[in-house]
Structure formats: C-alpha cells, structure tokens
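The values are calculated or read from the model by the stated rules, or taken from the named source; none is laboratory data. All figures in this text were calculated on a predicted structure; none of them were measured in a lab. Positions of Cβ are generated from backbone atoms using ideal geometry, with glycine treated the same way; all protein chains shown enter the neighbour counts.
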Amino acid sequence: MATTATISISSDIAPGFSGISESMTLTQAGTLIDIDSTTGFAIRKLAATGAVDLVTMANELVEPKDSVAAKIYIRNIGYRGTIDKSVGVTIGVNAEPIGKLYGGDWMVMPLTCIDADDITVNPDTADTVVIEYVLFYEEA
Amino acid sequence: MATTTAAVTLTSDLLSDNMSVSASTTCMKAGTTADGLDQMEYGYVEIASGTAYDIIGNTPTASKASKLYIKNHSTDETYYISVVLDAQAIGKLYGGDWMFIPADFHDANADVEITATGGTNKICYALFHEGTTLVAS
C-alpha cells in the first residue's frame, strides 16, 4: 500500500529558476512504513461567511494518532464549474489562520491531529463554494 | 504578467478503488484574476537538531496570496522538522516530506518557524509573494 504526492512548480518570476518537481511517499512517523489510514475523499459546501470546522479531530470515527506524520490535501474547487480566483477561503488550524485558498488553489500540509487542532474554513463571501479534502493519518 | 503554476498529483491505494487526484493552479495576487505573483525567495538551509529558525527572514505583505513550499531533504526518515505558525503547531515534515500552503503572514507574529529534530535537517524552501518589507541596511 502506498500513498504518494508529487508537486511541480514552474515560474518565470526569477530568471534561471528551473522549477521544482518533487515526490513523497506518505509514511508513518520516523519509518519507511506506508501510512495506512485515510478519511477518504470528501467535499464540503460552504454558503456563508464565518469559520466552521472542515475536520473536527475529536469527531473522527477513527482516532488519529497525535503529533506524527499526518497530511491533508485541501482544494477550493469553486461551485458548479465556476472557479473565482478573486475570492477565497481562509484555512485555519485551531483558529490560527494559515492562509487563503483562492478559487482553484490547493494545499498539502502536515497536521498534528491533536483534538484541539481542528481544521477550519472561512469563506470571504456568502457565495457558494466547495472545498475538497482528504486526510491521511496513523491510527491511535 | 509573471506566471507561477503549482500542480499536485496525489495517488493512494488505501481504498478499494485506487484514488488519483490531480490539481493545478496559477498563483495570482490576492483578489485578482489577471495579475500573477511576481516576487519569490528560494533557498536551502541546514538546521542543526534543536535549533528553532524562522524559515522566512523578511515578512511578506500581510494577508495576501503568498504561497510557501518547504521540503525536508534529509535522507534519514527519523529526522524531522516541526512547523509552527504564530505559536500554533502545524505538523511535522519527516525526511522526504514536503508541504505547500497559502501563507498570509497576517501579523508580525505569523512567521513560519521550524525546529529540527534527530540531526541536521536539510531544508529547501520557496516563497512566492507579491511584496515584502525589506530589512534596511
């Protein structure tokens, strides 16, 4: 069983920058053993401003192990094929804003999975927007 | 317009049917649809175990659309860095792991701090942004 994530970044900002292309295999903390649990792929539709939990750690059906090698992928996929890059959704951890995903933007981030460290989403506007996500973790 | 594109492919066979997700985005300035991020910082550092370090020395303009990439290039899988933003622990990047996040640097405390554990961690990072407060000489 393996879970892999590959990133490719290209940019013409700086002359001579040849881009970034890297891959990782998601493994359990401090080992070469593949990570073995996931929430599966999910979406959350938002239609109001205000922070709400995307992932409530204490409510996961299977308790994730704390402070190890969990990763989450999140993407703002717009709504019904319309992706607005001018408005965004602020992603937070335990009420701390991490940054804003504008339409089409995605992120991959490590997580502590501590119960207090819920993942929150807070849209700029009340326009409907859909967030897709998948969490990979180790069972407690 | 400067153009920065970030793409990801995620595959997993943990489910009964293999999962494969691909996504690509063009990194735009905050609130715009026609103007791309136009500044960047790209670096590589080695951080001794136990050392806490702000990965970005200058503070980019707050609440913009900055994107931050960090990879732990350590080849020992037991080595890791802890990533903290504004005193909030985010998670750990073990040897070989990478992350890519929007980073809004919403106030002076919102630096991205990393602490190395296990040994000297080799860290590559890139920040794509639209302006920063430079430190006067």
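Values as computed for the structure displayed
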{"item": "Single residue of segment B:90-104 satisfying the filter (in a loop (DSSP other than H, G, I, E, B) and within 12 Å of the chain's Cα centre (by Cα)) that is modelled with the highest pLDDT", "result": "B:Asp97"}
{"item": "Of residues in segment B:89-122 being charged (D, E, K, R) and closer than 24 Å to A:Asp115 by Cβ, the one surrounded by the most Cβ atoms within 10 Å (Cβ to Cβ)", "result": "B:Asp97"}
{"item": "Unique match (being at pLDDT 95 or above, in a loop (DSSP other than H, G, I, E, B) and of a type in the set (S, T, N, Q)) among B:Thr25, B:Thr75", "result": "B:Thr75"}
{"item": "Any pair with Cβ under 8 angstrom, 6 or more apart, that starts in segment B:3-18 at a residue that is over 30 Å from B:Lys29 (Cβ atoms) and ends at one that is of a type in the set (Phe, Trp, Tyr) and part of a strand (DSSP E or B)", "result": "B:Ser12/A:Phe136; B:Leu14/A:Phe136"}
{"item": "Neighbours by Cβ (under 6 Å, 6+ apart or cross-chain): first from segment B:70-94, more than 7 Å from chain A (Cβ to nearest Cβ); second among the small types (Gly, Ala, Ser) and not in a loop (DSSP other than H, G, I, E, B)", "result": "B:Ile81/B:Ala116"}
{"item": "Residues located in segment A:39-77, provided they are buried (at least 19 other Cβ atoms within 10 Å of the Cβ) and not aliphatic (A, V, I, L, M)", "result": "A:Pro64, A:Lys71, A:Tyr73, A:Arg75, A:Asn76"}
{"item": "Of the criteria (1) more than 20 Å from B:Ala87 (Cα to Cα); (2) more than 10 Å from chain A (Cβ to nearest Cβ); (3) of a type in the set (A, V, I, L, M); (4) in contact with an Asp or Glu (Cβ under 9 Å, 6 or more places away or on another chain), which one B:Met28 fails", "result": "(2)"}
{"item": "Scope segment A:69-119; condition among the small types (Gly, Ala, Ser) and either within 7 Å of chain B (Cβ to nearest Cβ) or under 17 Å from A:Asp53 (Cβ atoms) (or both); matching residues", "result": "A:Ala69, A:Ala70, A:Ser86, A:Gly92, A:Ala95, A:Gly99, A:Gly104, A:Ala116"}
{"item": "Within segment A:11-38, tally of residues that are part of a strand (DSSP E or B) and buried (at least 16 other Cβ atoms within 10 Å of the Cβ)", "result": "8"}
{"item": "Leading residue by the ranking (surrounded by the most Cβ atoms within 10 Å (Cβ to Cβ)) among those in segment B:59-72 that are under 14 Å from the mean Cα position of the chain (by Cα) and assigned to a loop (DSSP other than H, G, I, E, B)", "result": "B:Ser66"}
{"item": "Residue check for B:Ala34: free of Cβ contacts under 8 Å to residues at least 40 places away in the same chain, more than 30 Å from A:Ile35 (Cα to Cα), more than 16 Å from the chain's Cα centre (by Cα) and part of a loop (DSSP other than H, G, I, E, B)", "result": "yes"}
